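Comments concern the structure below.
The values are calculated or read from the model by the stated rules, or taken from the named source; none is laboratory data. Please read all numbers here as calculations on a predicted model, not as lab measurements. Cβ: placed from backbone, ideal geometry, glycine included. Neighbour counts: every protein chain shown.
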């Protein structure tokens, strides 16, 4: 159930060890007589604990009765070998009940806490059954430290114990009605972390607040993206120059400018620059071309800011708008010299449809125009 919540998948496969010492004469033989069996569970939100246990019991009994050597199973299924990924399952569950299975007391042993065999899987839960009812079960979590942090495993353990307590209190509950988080954790996640209200001048817009912050700490870092670091002053200057260019192109109050861009430093510059001159229409580059074309047409956007990496997509979209009478410019914001924005006439070409602009092309612009072709 916990894995279903984490993965949001209902078809779960985990590994379980099976003791293969079936014959009496094998009981005293030294060696590894353990075989791993994949156990598959198909969980539905309407399932109760009772339903899950019955289905799981049938699955495990069937797997034990048809036990097949795991290495041979992998070979028969022709699963490609991957040194960093175990075949069939990456999570295992182990139930140990050996603490009270030594009736003859021939080989006395003592369980030592803190010493465990390193697991071969990404995540393993080992449950050790106590020797008597006065003792508690022991839960050992084994995990790949390259994938999980100790804090994460501790949280998983808390969720696991909470889930057990919830179902034991009412086994008739359906899975969809049970949360892995306690009330205290839910209060933190839903309330405390979302308590982000802060007082600020309500009469000021975002770009105006940013400008006031720039006056206070001009040399402080405002933006970090990959290897790009911009101070408040640098970001303010770049967005000012973009706003100046957009105003020169006729962008004014409440006039729409499209942003067809993925997450980048240019995205932040574009948003601030447009807010200083007009209003922006955010467009996800992952949208289907037909949807983007509809947004551009419906919003009557005249200028679209994008990055050169999306040039093929935007050209295809503009081709779909060939029947649109509106004239549009597509500006590649990552291929310009900010100093040239003060002289847009010098860099904005007036060529025909899809022709590269003439002049000093620090700022690449495609000008879309409905063409009369004879």
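Any residue in the stretch 214-221 that is part of a helix (DSSP H, G or I) and closer than 19 Å to residue 268 by Cα? Taking every residue of the stretch 214-221 in turn, at least one turns out to be part of a helix (DSSP H, G or I) and closer than 19 Å to residue 268 by Cα. Selection of the stretch 145-165 for residues being without any contact (Cβ under 8 Å) to a residue 24 or more places away in the chain, assigned to a loop (DSSP other than H, G, I, E, B) and either touching a strand residue (DSSP E or B) at 6+ places or on another chain (Cβ under 7 Å) or surrounded by 10 or more Cβ atoms within 10 Å (Cβ to Cβ) (or both) yields only 149.
Taking the listed residues 267, 296, the one that is surrounded by 14 or more Cβ atoms within 10 Å (Cβ to Cβ), modelled with pLDDT of 90 or more and assigned by TED's automatic domain parsing to the domain that holds residue 246 is 267, with no other qualifying. Residues in the stretch 55-86 that are assigned to a loop (DSSP other than H, G, I, E, B) and either in contact with a strand residue (DSSP E or B) (Cβ under 7 Å, 6 or more places away or on another chain) or farther than 12 Å from residue 18 by Cβ (or both): 67, 69, 78, 79, 80, 81, 82, 83, 84, 85, 86. So if I check each of 232, 225, which one is more than 15 Å from residue 275 (Cβ to Cβ), in the same structural domain as residue 281 (by TED's automatic domain parsing) and surrounded by 17 or more Cβ atoms within 10 Å (Cβ to Cβ)? Among 232, 225, only 232 is more than 15 Å from residue 275 (Cβ to Cβ), in the same structural domain as residue 281 (by TED's automatic domain parsing) and surrounded by 17 or more Cβ atoms within 10 Å (Cβ to Cβ). Restrict the check to the stretch 241-250 and report whether at least one residue is at pLDDT 90 or above, under 32 Å from the mean Cα position of the chain (by Cα) and either more than 22 Å from residue 225 (Cα to Cα) or assigned to a helix (DSSP H, G or I) (or both). No: the stretch 241-250 contains no residue that is at pLDDT 90 or above, under 32 Å from the mean Cα position of the chain (by Cα) and either more than 22 Å from residue 225 (Cα to Cα) or assigned to a helix (DSSP H, G or I) (or both). Scan the stretch 273-298 residue by residue and report those that are over 26 Å from residue 238 (Cα atoms) and touching a strand residue (DSSP E or B) at 6+ places or on another chain (Cβ under 8 Å). Passing the criteria: 292, 295. Would it be correct to say that residue 127 is out of contact with any helix residue (DSSP H, G or I) (no Cβ under 7 Å at 6 or more places or on another chain), without any contact (Cβ under 8 Å) to a residue 40 or more places away in the chain, in the same structural domain as residue 46 (by TED's automatic domain parsing) and not in a loop (DSSP other than H, G, I, E, B)? So residue 127 passes the test. Among the residues here, residue 210 does not qualify as assigned by TED's automatic domain parsing to the domain that holds residue 330, in a loop (DSSP other than H, G, I, E, B) and modelled with pLDDT of 90 or more. Determine, yes or no, whether residue 26 is assigned by TED's automatic domain parsing to the domain that holds residue 128, surrounded by 10 or more Cβ atoms within 10 Å (Cβ to Cβ) and at pLDDT 85 or above. Against the criterion (assigned by TED's automatic domain parsing to the domain that holds residue 128, surrounded by 10 or more Cβ atoms within 10 Å (Cβ to Cβ) and at pLDDT 85 or above), residue 26 does not qualify.
Of all the listed residues (3, 52, 18), the sole one being surrounded by 10 or more Cβ atoms within 10 Å (Cβ to Cβ), part of a strand (DSSP E or B) and at pLDDT 80 or above is 18. For the stretch 34-45, filtered to residues that are in a loop (DSSP other than H, G, I, E, B) and touching a helix residue (DSSP H, G or I) at 6+ places or on another chain (Cβ under 7 Å), the residue that is nearest to residue 9 (Cα to Cα) is 43.
Just one of the listed residues (264, 197) is more than 22 Å from residue 331 (Cβ to Cβ) and within 30 Å of the chain's Cα centre (by Cα), namely 197.
When residue 254 is tested against the conditions (1) touching a strand residue (DSSP E or B) at 6+ places or on another chain (Cβ under 6 Å); (2) at pLDDT 90 or above, the lone failure is (2).
When the residues of the stretch 278-299 are filtered to those that are outside any helix (DSSP H, G or I) and closer than 21 Å to residue 249 by Cα, the one that is farthest from the chain's Cα centre (by Cα) is 278.
Any residue at all in the stretch 302-312 that's over 31 Å from the mean Cα position of the chain (by Cα) and either at pLDDT 85 or above or within 23 Å of residue 275 (Cα to Cα) (or both)? For the stretch 302-312, residues over 31 Å from the mean Cα position of the chain (by Cα) and either at pLDDT 85 or above or within 23 Å of residue 275 (Cα to Cα) (or both): present.
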